[in-house]
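Contents: one structure, followed by commentary.
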Amino acid sequence: MINKLRFKFIAIAMLAVILVLGSIITIINVVNFVTISNHADERLFAIIDSADNGRPPDFFGERLDWFAVRVANGGNVYVINNYMRDVDDKDAVSYASILYEDDRRNGFLNNMRFASRENTSSTIYAFLDISRELDTFYSFMFACIGIASGGVLLVFLILFFASGVIFKPVNESYIKQKRFITNVSHDIKTPITIIGADTEVLEIEQGENEWTKDIKSQVTRISELTEKLVMLSRLEEGERLVTTEFSLSDAITEQSKSFVGLAETQGKRLTVEIEPGVSYVGDEKQIRSLISLLLDNAIKYSSHGGEIRLTMSSGKTKEIILTNPVDQIQQGNLYYLFDRFYRADSSRNSESGGHGIGLSVAKAIVTAHKGKITAQSHDGKSIKFTINL
């Protein structure tokens, strides 16, 4: 879990770095490109003005490659001036004719920037060679991308090693906590077993009474809690699942049978609708525990006289849905139900024998199978658990 948190931290940090650097590079290069275009347009309109006025354009000492073409309204096309070394008059006329027919008035053509101005009798096109400016622009852009890529790689290496150092104490603390829970749970089993055995001896010698019944009840309760804690700890520690292909339909059906009678004894009704013939590759024992935990939770906390409904269908995923009525609950996403030791109604939970950890174990089982589990209430009168495996 800590490793997943670490990699999420690295991923978020890297995404932030990439977005920031990408934005900076994009803005710089867009501004650079717009500046080149505007600078070229100023020269182009100076060329067009000179063609209209019959005076040579003033480029303030700059030596530029350019040419100007006039397209008359009658269709005649001729070159006004041509100072482009790589373009002859025939090509110049061809370029202007094509642009005029395509109704293109300004933009780029190969490595040239062009602009035009229309008057009453003709349209003047001016072309300026900006290949050097574009070469400089692309060189700068690729240099920015290269430097940014190197920077991103360097930041990734720094984050990777730094996060290892930062998260190391957290990981060690987390591992110690899990080991503590597992070790303590194992240590608790021995005295609990002894207390249970001593209680049975007392019942044999002195007969059953309310005190021995209460002791046995609490022993069972602590034993169940201990088993769930051990299971949860192992799942969160990444214990490998014993995966096989098995009939998911049969597993759910068989596991739910024992809860039908239990529901009836509490004045509730359990309806099971399972699509037959559905197989699944996973830990069958854990999946059976998952169904038992959900049904046990639903029966304990559902409204008296209500219907608990369990369905399973297959499509892109195996979808298991469990719905049970409740007296009252918050509407919307009930993600907090999967928190450890969460109790929506502590007094009711105590009476029903719940520990507040069953749904945490259920979520851990689903997560270990790379699945997803959610809890929602659309009306505040029922809870819908949805599992996708």
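Every number in this text was worked out from the coordinates using simple rules, so none of it is lab data. Bear in mind that the values here come from a model prediction, so they are computed numbers and not experimental data. Don't worry about glycine lacking a Cβ; one is built from the backbone with ideal geometry, like all the others, and counts go over all protein chains shown.
Descriptive notes on the structure:
- Per-bin percent of Cα-Cα distances, the chain [10 Å]: 4, 15, 16, 13, 9, 7, 9, 11, 8, 4, 2, 1, 0
- Fewest neighbouring Cβ atoms within 10 Å first, the residues Val361, Val34 line up as Val34, Val361.
- Rg [Å, one decimal], Dmax [Å, integer] - segment 103-223, C-alpha atoms: 40.8, 123
- Estimated at 0.36 nm per residue, the fully extended path between Ser121 and Glu210 surpasses their Cα-Cα distance by 20.7 nm.
- Cα-based helix-to-principal-axis angle, 284-301 vs the chain, degrees rounded to 10: 70 degrees
- FRET efficiency, 1/(1 + (r/R0)^6) with R0 56 Å, evaluated for Val165 and Leu202 via beta carbons: 0.50
- Residue among Met112, Met141, Met312 with the largest mean-square fluctuation in a Gaussian network model of the chain, springs linking Cα atoms under 10 Å: Met112
- Computed lengthening from Thr374 to Asp327, 0.36 nm per intervening residue step minus Cα-Cα distance: 14.9 nm
- In plain terms, the residue of Trp211, Trp66 with the fewest other Cβ atoms within 10 Å comes first and the most crowded comes last, giving Trp211, Trp66.
- Placing unit charges on each Cβ (+1 for Lys and Arg, -1 for Asp and Glu) gives the chain a dipole about its Cα centre, and among Val260, Leu310, Ala51 the Cα reaching farthest toward its positive end belongs to Val260.
- Beta bridges by DSSP in the chain, antiparallel share as percent, to the nearest 5: 90 percent
- For the pair segment 280-313 / segment 49-84, the C-alpha centres are spaced 84 Å from each other.
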